[in-house]
1. From (1) open to solvent by 50 Å² or more (accessible area, probe 1.4 Å); (2) hydroxyl-bearing (Ser, Thr, Tyr); (3) at pLDDT 95 or above, pick out the condition that doesn't hold for TYR712.
2. Looking for something open to solvent by 40 Å² or more (accessible area, probe 1.4 Å) and within 24 Å of ILE455 (Cα to Cα) - is there at least one such residue anywhere in region 373-387?
3. So, ALA647, is that one part of a helix (DSSP H, G or I) and closer than 28 Å to TRP483 by Cβ or not?
4. Only one of these is hydroxyl-bearing (Ser, Thr, Tyr) and closer than 30 Å to HIS398 by Cα: SER500, SER448, SER489, SER482. Name it.
5. Can you pull out every residue in region 585-608 that is crowded, with 19+ Cβ neighbours inside 10 Å and in a loop (DSSP other than H, G, I, E, B)?
6. Of all residues in region 507-533 being charged (D, E, K, R) and open to solvent by 80 Å² or more (accessible area, probe 1.4 Å), which is farthest from GLU120 (Cα to Cα)?
7. Which ones in region 50-68 are open to solvent by 10 Å² or more (accessible area, probe 1.4 Å) and either under 17 Å from SER610 (Cα atoms) or not aliphatic (A, V, I, L, M) (or both)?
8. Pairs needed: first member in region 681-694, within 21 Å of PHE573 (Cα to Cα); second member anywhere, in a loop (DSSP other than H, G, I, E, B) and among the aliphatic types (A, V, I, L, M); C-beta distance under 6 Å; at least 6 residues apart or different chains.
Amino acid sequence: MFHRITHTPSLLLLPRFFLPSNFNFKVLSMATSHSRHNHTNRLASEQSPYLLQHAHNPVDWYPWGEEAFAQARKRDAPIFLSIGYSTCHWCHVMEVESFEDQAVAKLLNDWFVSIKVDREERPDVDKVYMTYVQALYGGGGWPLSVFLSPDLKPLMGGTYFPPDDKYGRPGFKTILRKVKEAWDSKRDMLIKSGSFAIEQLSEALSARSDSDKLPDGVPDDALRLCSEQLSGSYDSKFGGFGSAPKFPRPVEINLMLYHSKKLEDMGKLDEANGSQEMVFFSLQCMAKGGIHDHIGGGFHRYSVDECWHVPHFEKMLYDQGQLANVYLDAFSITKDTFYSCTSRDILDYLRRDMVGPEGEIFSAEDADSAETEGAARKKEGAFYIWTSKEVKDILGEHATLFEEHYYIKQSGNCDLSEMSDPHNEFKGTNVLIERKDPSGMASKYGMSVETYQEILGECRRRLFEVRSKRPRPHLDDKVIVSWNGLAISAFARASKILMSESEGTKFYFPVVGIEPKEYMKIAEKAALFIRKQLYNEETHRLHHSFRSSPSKAPGFLDDYAFLISGLLDLYEFGGGINWLLWAIELQETQDALFLDRDGGGYFNSTGEDSSVLLRVKEDHDGAEPSGNSVSAINLTRLASMVAGSKADYYKQNAEHLLAVFEKRLKDMAMAVPLMCCAADMLHVPSRKQVVVVGERASKEFESMLFAAHALYDPNRTVIHIDPNNKEEMEFWEAHNSNIALMAKNNFTVNKVVALVCQNFTCSAPVTDQLSLEALLFQKPSSSTSSY
């Protein structure tokens, strides 16, 4: 995560690429590598990998909970709250420098009650204090370090602190002494200030709207404004939007593709093509850059430079799911297998390394790892980087070709930007980046492009085999519902969209080239795991995460919203009616727990935990989309499937939600790109419905579903129904009798029928996929008959 530098004395934010050159990166000794422990604290009984990493610090850590709060009240001592996550590089640094240090531990133990929180396990707690730090100091990041009163009001805070005074800034020991002095001498002022801050934030972050819908014109204006703002920040040389450090923010791609489709439908082809070109070039640069793991597949968190070269090496599940989906969208539009193969690359990485034995999908892989087996020290990127000598020794006769293709040099290749490696952290090593066109290189080496790609693939396989013997980065095997929802969506969509790949398409390592339908099995297995392990069938409530057993934390808004979105994709792309039924159940629970029925929109938490001081209505679409943006789209999709008062209820909730964020849509559209799409989706005059009727087990049914999804169209709903299936017919008779009637009237044994409906009228039935594709390619016309 990017941590900005600020200049306030109590906030010190120092990311790797901004640190002074005399900072020693190579001495990161990890507590998890110790063979024996001199200390054990309360975190040893926790499930979170992050908390367990700190279980043997000399700091007397508590997990977040009443035991810690009661101790603070009993001792009348302030709380030191440290929030991070297990794959956070700077969290590791602060642990080694401060939390393993006996002198620092003594100060913390004598003067404070120290609490550790995994932000991925308790995003509600993280949100409160991260918002406080960002509001007061203008920046934020992890590790988050906040001092609290015994009643949990924030007193002051920051992020990473070095242990001693350095670079003209106070060190952590100095900070602890100053907080202790302030607590002893200015306690009332500190508590009053913290209470006031929480009151102000509560008012600011619980926006409401007395209006039940957006004014006319706002959705169009917001969509256009966001597209213009993103276009204005476009990097035409290296792709992407904005400058270094560069994050692959998939919601920006979602917005640009959505807007280009709208422009295309309006006949504004030049504008549409311009938006698409920005997206496609950006996706190409990312996939060719070092932010992409060319050897093992998947994407790293972000690039520290403007050319997508040197990354921060952690891999997060939420990135993989979203990126796989935007590459699938690019393939839907272009039919260029560059994009489908990149999507497969991501999904195959997840399938190989991140899927557990019961189908659960793990959270993340660390940036840091040991350079040699058994080493006590870990270094960022050690698992992923190569020396030229290693490459030559492993690849032999093909080394020259491979080194030229991936810009590998004897002296190391992190020299493309002054921001790539300002402290010579990677001197003499190489981060693979593609800077050569395969066709030109194939010609240079006197071979076909296919042969050239085969050689590259085989070289990557050999390097993968060698890399597999290196010490692996830490795997955070926590299962988070929301992130699994994002991945479920990508796997389900891939099962149909990838069927558009030309017959005979060649795949090269690390892409496996499995049948697309296999991805649907992975999606369904992940959803089944959540239903079995993280869902209470009696209360219809979700738990937030799982590791050995469900966490104490309840499901949050993002868990419900992202999972509902994944389940809708599971159903629309060919899964059973049970997934749609569960999505509807979850939406009812989400409304009961999080919906502000008077003021509109959804809170991020239930409000049932009194230790969480803020209930926030999140709108920012960042590394992850906001729960409110995803919910608005879910409600729009559900309203297009069901009929009557239920459809009206979904639309009204979506309308009121969007009205809450009217000011953001008008003034800061670039901060809410997915919400801009949601607002436009809801106001599309009539969403297109594709209804497929036939025997589900037939090949023709599968082919017709593939045709229904062959073209990119975010304003399309696909409904499929087998009239022989009693459960399906009962569902549609209860939720949308028109669909049930269409199924009865159009069912023919040994035939699959499809209809395209819009504006309350349907096309004549078609019985083959080419006819359906032709229908979907057409603009809506008046030559339709009412259903």
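The values are calculated or read from the model by the stated rules, or taken from the named source; none is laboratory data. Computed from a predicted structure; not experimentally measured. Here Cβ is always computed from backbone atoms with ideal geometry, including for glycine, and neighbour counts include all displayed protein chains. To get the accessible areas, we keep the full protein, side chains included, count just its heavy atoms, and leave off ligands, DNA and RNA. Shrake-Rupley method; radii C 1.70, N 1.55, O 1.52, S 1.80 Å.
1. Of (1) open to solvent by 50 Å² or more (accessible area, probe 1.4 Å); (2) hydroxyl-bearing (Ser, Thr, Tyr); (3) at pLDDT 95 or above, only one is false for TYR712: (1).
2. yes
3. No, not satisfied.
4. Working: SER500 fails: closer than 30 Å to HIS398 by Cα; SER489 fails: closer than 30 Å to HIS398 by Cα; SER482 fails: closer than 30 Å to HIS398 by Cα.
So the residue among SER500, SER448, SER489, SER482 that is hydroxyl-bearing (Ser, Thr, Tyr) and closer than 30 Å to HIS398 by Cα is SER448.
5. Listed by number, the residues that qualify are GLY600, GLY601, PHE603, ASN604, SER605.
6. For region 507-533, the residue satisfying everything is GLU515.
7. Residues satisfying the conditions are GLN53, HIS56, PRO58, ASP60, TYR62, PRO63, TRP64, GLY65, GLU66, GLU67.
8. If the second residue must be in a loop (DSSP other than H, G, I, E, B) and among the aliphatic types (A, V, I, L, M), the pairs left are GLY694/VAL752.
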